[in-house]
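Below: one structure, written as structure tokens.
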Amino acid sequence: MEQVIKMSYCVNCGVELKPSEQMCPLCGTEVVNPRQPYDRKAPKPFPERMDLFMPQDNRGFIASIVTLVLMLPSAICLSCDAAYTGGSGWSMLVVGAMAMLWVLIVPALFFRRHPIVFGVVLDTGALLGYLWIIERYTETGSWFLRLALPIVLLLAVLFTLDYLLAFRLVRGRFRQAAVVMASLSVLPVGIEMIIDSYLSGAIRLQWAVFVAIPCLILALLMLVLGRRERFKEQMKKRLHM
């Protein structure tokens, strides 16, 4: 006869538990069941890492399909542009957009270690390349080096710092939220400084201050709340964090 596996239930919140779970995934209570001890070799109910595609998926085949789909509009636009204008003008905007989409999609299929960091580097490069193509093939003036480049690099640096600090080094939900809010206070200040430098060469902080101050206040509030153990316990119970 097929053996029937009796499930354990959390003594605190009543959630059904798998044999591989040593702590309740909902409230964090330690699992206590003398009749069914913790089994390290049992299959996990949840994956240990988030992946875009399952291991059994053919990543190479998917990458090939995406590449062909993105190459088709690029080839059509280049052919039409060459046939009617005798050169490559507006079609480069389409080619640049398709190339940027390829960088955003295909490399992410193969990242196994540090996908966020490598993704930020590649995506930043793809976005900067497309912005350069827009400036190169449109009559919009010279704005890439003094405006687009520093803003995109600022966003990339702040996002990378948030990821490394809030999700790798800093422990605690409130401290992680404080790191994110602090970076959000830096972002508008940096953007306004870059825009002022590009337009007039003189930096005069105005609207960015009204955005940065509330973000800093929220960051300090998160740090203070993170030190109150009783408040943290109540929030964990109410929000199941």
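The values are calculated or read from the model by the stated rules, or taken from the named source; none is laboratory data. On a predicted model such as this, the values are computed, not experimentally measured, just so you know. Cβ coordinates were reconstructed from backbone atoms using ideal geometry, including for glycine residues, and neighbour counts include every protein chain displayed.
For the condition at pLDDT below 75 and in a loop (DSSP other than H, G, I, E, B), Val11 does not qualify. Within segment 96-140, being under 16 Å from Ala63 (Cβ atoms), among the charged types (D, E, K, R) and either surrounded by 15 or more Cβ atoms within 10 Å (Cβ to Cβ) or outside the structural domain of Thr67 (by TED's automatic domain parsing) (or both) holds for no residue. For segment 142-159, indicate whether the set of residues that are among the polar types (S, T, N, Q) and under 26 Å from Ser200 (Cβ atoms) is non-empty. Yes; the residues of segment 142-159 include at least one that is among the polar types (S, T, N, Q) and under 26 Å from Ser200 (Cβ atoms).
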